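Data first, discussion second: the structure below is written as C-alpha cells.
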Amino acid sequence: MIEYKFNCIKYCSENDYGIDVFSRGKLVKSIDGITKNYNDIILLVNMCNELEIEICHIDDIVEDYLTDFCV
C-alpha cells in the first residue's frame, strides 16, 4: 500500500512543504517545495491517501495542483 506524508524544509524563516511517498514503509519518492501553505499540503496529502492514488500519478497530481489551484 502507498502512503503519503507531508515533508517540511525550512528556508530562512519560511517553511516549504512537499510530499513523501512510502511503499511498505520505505520512502520511494520525495517531492519538495510544492507550497508554503500548510493547510494546502495537508489537504493534498489527505486526498492522495483517501483516494489511494497510485505512485505513477503523483507527479500529475502535483502539477495539477500547481497549475490549477495556485495563483
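All of the numbers you see were taken from the coordinates with simple rules; none came from a lab. As the structure is a computational prediction, the values presented were derived from the model and not from experiment. Glycine gets a Cβ as well: all are built from the backbone with ideal geometry, and neighbour counts include every protein chain shown.
Things to note:
- Exposure proxy order (Cβ contacts within 10 Å, fewest to most) of Lys26, Lys5, Lys36: Lys26, Lys36, Lys5
- Computed from Cα atoms, the angle from the helix 38-50 axis to the main principal axis of the chain rounds to 10 degrees.
- Tensor-based shape of the chain (alpha-carbon gyration tensor, a/c under 1.5 rounded, otherwise prolate or oblate): oblate
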